[in-house]
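Asks: Sharing a structure here in structure tokens format.
Quick note: the coordinates plus some simple rules give every number you see, no bench work behind them. These numbers come from a predicted model, not from an experiment. A quick note on method: Cβ atoms are made from the backbone with ideal geometry, for glycine too, and the neighbour counts reach across all protein chains shown.
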Amino acid sequence: MKYFFYLFTVLFSMNATAQIKYPATEKKVVVDDYFGTKVEDPYRWLEDDNATDTKAWVKEQNKVTEAYLSSIPYRNKIKTRLEQLWDYPKYGAPFKKGNYYYFYKNDGLQNQAVLYRVKDLNEEPEVFIDPNTLSREGIAALGSLSFSKSGELIAYSVSTAGSDWSEIFVMDVESKKLLSDKIQWTKFGGASWKGEEGFYYSGYDAPDESSKLSKKNEFQKVYYHKIGDSQFNDKIIYQDKKHPLRYFNAGLTEDERFLILNISEGTSGDELWFWDLKDRNQQGFRLLVKGFDTESTVIENNGDRLLVRTNYQAPNYRVVSIDPKNTARNNWETIIAEKKEALQGVGTGGGNLFLNYLKDASSKIVQYDFNGKKIRDIKLPGIGSAGGFGAEVKDKEFFFTFSSFNKPPTIYRYQIASGKTTLYRNSEVKMNTADLVTEQVLFTSKDGTTVPIFLTYKKGLKKDGNNPVLLYGYGGFNIAMTPGFSVSNAFFAEQGGIYAVVNLRGGSEYGEAWHKAGMLLKKQNVFDDFIGAAEYLIKSKYTNSNKIAIRGGSNGGLLVGAAMVQRPELFKVAIPQVGVLDMLRFQKFTVGWGWVTEYGSSDSAKYFPYLYGYSPYHNLKKGISYPATLITTGDHDDRVVPAHSFKFAARLQEYHSGPNPVLIRIETNAGHGAGKPTAKVIEEAADIWAFTMYNLGMDFKE
């Protein structure tokens with residue numbers, strides 16, 4: 001007998017408020033014993049995404065979801081409006097390499113942005129690489145780009161259907177002809193060239209075809225590929241047979257003197273090694289910064305010394321100079337001391353350093369020389385996010401981009417010596433963004449911590465306690481939520497909603513102390529911050545609990561799952577996207593083991609009770625009325641495998657009691673999010689906004 005009887009029927013045709021009959025998902029007896037605690041996992045069979053039964057389940061769930069969404073009267077109008085908003089030219093900042101300037105451009109609705117080049121920025125550009133020609137569905141996406149020293153060769157990576165797996169191809173720049181070189185089974189990194197002869201890269205052994213999207217990835221290695229050789233002849237530069245669950249990434253300094261090896265056991269903490277290729281007496285890597293209790297990154301070398309951004313004895317990070325011949329920490333020389341703002345990253349260009357700080361989650365850029373002498377603060381247009389501060393040592397200028405929630409991306413040209421900044425290109429968005437307002441407010445979380453929220457809405461908003469709100473957050477992995485423009489989110493504000501982004505603990509907005517306050521045994525702080533933000537917006541008369549939707553992806557999907565389980569009455573709509581929803585088994589799939597440094601592991605008696613206490617899948621309760629929920633995932637997601645969403649959806653549909661719909665939308669030929677074709681992005685956005693607006697009681701405004 002099949003795993004479930006096909007008993008479901010959609011009892012509505014044109015009325016989305018009618019009762020939904022969900023597929024009756026089979027439950028199987030699976031019980032795990034965690035340190036004496038018995039945990040049932042009846043939907044374990046859904047972890048096998050290749051099984052016939054699982055594929056049938058996916059098909060039937062999508063039928064129910066599509067029937068519901070198609071009955072929302074203004075779903076198509078939303079999609080049409082989003083297509084109108086999306087249809088404008090989108091440019092990336094130009095960068096110079098060899099004889100050409102390169103930049104990305106999407107004409108408007110192209111599935112993937114095209115890489116163009118031009119010798120003179122005033123001339124008509126030519127197409128250099130068009131990923132739209134690589135697949136009919138637009139599911140092939142460009143990843144990393146790496147030019148050889150002269151700029152005569154380029155190694156670029158391509159991923160398909162949203163998978164983290166990528167292939168590296170090599171092209172002759174002038175002729176645009178592909179060479180025979182092809183590198184398979186790489187993840188999380190590109191190529192680092194050594195002259196014109198070859199490059200370093202990180203890769204895995206070829207996986208089994210049937211389990212390549214779910215099996216745990218182990219034993220990453222660093223290789224050197226010589227141009228013209230087969231990948232089978234690539235030389236292993238570094239491997240560690242004793243530690244299968246580590247990441248290894250190697251890259252050269254700009255002058256190609258030092259080969260830097262970064263080793264990490266997950267997403268937090270690392271160790272640095274170096275190889276001075278000009279020192280004939282050095283025949284392998286030597287330790288530079290011992291791991292794994294701090295975060296350190298080599299910025300560049302300054303002659304014989306290495307400049308490093310580190311949070312060792314500096315939670316907000318500082319820049320130090322290290323002598324490779326004497327690497328003891330008490331011999332480090334502070335070049336740029338820690339400041340009250342968190343240092344997010346350091347770029348180089350024209351012999352200068354460009355430090356990107358966050359001041360209350362907004363960019364602040366400061367220029368220094370390599371010896372730590374401050375040159376100037378770089379003036380930015382306002383509160384927002386700036387990026388692209390980097391070039392080669394010989395360059396005299398570069399281009400950077402600035403945007404905010406109510407300001408589309410703008411590209412500026414920067415003269416390194418003088419500091420002169422000029423406008424290079426505005427965005428031609430088809431909406432009046434001057435009608436949008438962004439403000440930052442502060443609230444006090446459960447334990448007394450002050451947490452900021454960015455609010456974006458149309459001018460003239462009244463605090464009458466009745467405004468629809470989309471509350472978004474992430475809160476983890478040392479990632480900051482900074483202001484940035486999205487036509488999709490601007491659409492919600494255009495429709496009269498408030499788009500709210502919370503700068504939760506767990507991110508990097510206020511340095512490593514802020515990160516640590518939201519990880520491991522302090523993860524509940526993140527959920528408390530998110531819940532506290534909703535309570536603040538209600539108390540301050542922005543909205544009420546029947547007008548709040550919550551949304552987040554990946555770690556943010558965990559956030560939404562935990563918040564809706566802990567406080568179901570506080571939210572009307574929940575959108576957990578590609579979420580980590582089973583906190584007891586995440587480490588058993590693909591690269592999930594890398595998140596143990598952030599979450600802990602159920603394999604540990606120390607962390608199991610804590611994880612079990614908030615895991616969304618395990619804390620759903622029978623008979624509870626949960627918010628209207630639309631879970632989203634992709635069948636090619638090999639970052640957070642879709643089993644998380646499948647199991648959560650099955651149990652939510654089993655336990656939920658009440659009129660709110662609880663559905664799952666499973667995208668085909670899509671992964672964790674990166675590289676998703678524009679057509680699929682718009683379709684998903686239209687479905688999410690239709691679901692959200694309908695369940696918040698909003699009308700579509702023409």
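Asks: Count neighbours as other Cβ atoms within 10 Å of each site's Cβ, and list the trypsin sites (Lys or Arg not before Pro) in region 215-282 that are DSSP loop with at most 13 such neighbours.
Replies: Passing both the DSSP loop test and the Cβ count: Lys241, Lys242, Lys278, Arg280.
Asks: If a paramagnetic tag sat 7 Å from the Cα of Thr422 along the Cα-Cβ line, which residues of region 116-130 would have the backbone N under 20 Å from that point?
Replies: Those under the cut-off are 118-125.
Asks: Then there's this: Using the 10 angstrom Cβ neighbour count as an exposure proxy, how do Ser488, Ser157 rank, fewest first?
Replies: Ser488, Ser157
Asks: For region 339-427, how big is Rg over Rh, using alpha carbon atoms and the Kirkwood form of Rh?
Replies: Rg/Rh: 0.95.
Asks: With r defined as the distance between the Cβ atoms of Glu124 and Asp699 and R0 fixed at 51 Å, what FRET efficiency is calculated, to the nearest 0.05?
Replies: Plugging the Cβ-Cβ distance into 1/(1 + (r/R0)^6) gives 0.65.
Asks: Between helix 643-655 and the chain, what is the angle of the helix's C-alpha long axis to the longest principal axis, kept within 0 to 90° and rounded to the nearest 10?
Replies: Computed tilt is about 20 degrees.
Asks: While we're looking at this one, here's another question. Tell me the net charge near Asp435. Cut-off is 14 Å between Cβ atoms, Asp435 excluded, with +1 for each Lys or Arg and -1 for each Asp or Glu.
Replies: For residues surrounding Asp435, the net value is +4.
Asks: Could you check the spin-label model distance between Tyr612 and Ser70? Points 7 Å from the Cα along Cα→Cβ, value in nm.
Replies: 4.4 nm
Asks: Assuming 0.36 nm per residue, please report the length gained on full extension of the stretch Lys374 to Leu287 beyond their Cα-Cα distance.
Replies: Extra length from Lys374 to Leu287 when fully extended: 28.3 nm.
Asks: Could you list Thr80, Thr410, Thr543, Thr297 so that the one with the fewest beta carbons within 10 Å of its beta carbon is first and the one with the most is last?
Replies: Thr80, Thr297, Thr410, Thr543
Asks: Round to the nearest 0.05 the FRET efficiency obtained for Phe35 and Ala513 when R0 = 30 Å and r is the Cβ-Cβ distance.
Replies: 0.45
Asks: At what distance in nm do the modelled label points of Ser604 and Gln184 sit from each other, each positioned 7 Å from its Cα along Cα→Cβ?
Replies: It works out to 3.7 nm between the two label points.
Asks: Ok, one more. With each pseudo-label sitting 7 Å past Cα toward Cβ, what's the Lys522-Lys359 distance in nm, one decimal?
Replies: So the two model labels end up 2.6 nm from each other.
Asks: Another one. Order these by the 10 Å Cβ neighbour count, fewest first: Ile682, Ile168.
Replies: The most exposed by this proxy come first: Ile682, Ile168.
Asks: Which angle between 0 and 90 degrees, to the nearest 10, do you get for helix 52-70 versus the longest principal axis of the chain when only C-alpha atoms count?
Replies: 70 degrees
Asks: Relative to a virtual label point 7 Å from the Cα of Lys394 in the Cα→beta-carbon direction, which members of region 150-178 show backbone nitrogen distances below 15 Å?
Replies: Within reach of a label on Lys394: 150-153.
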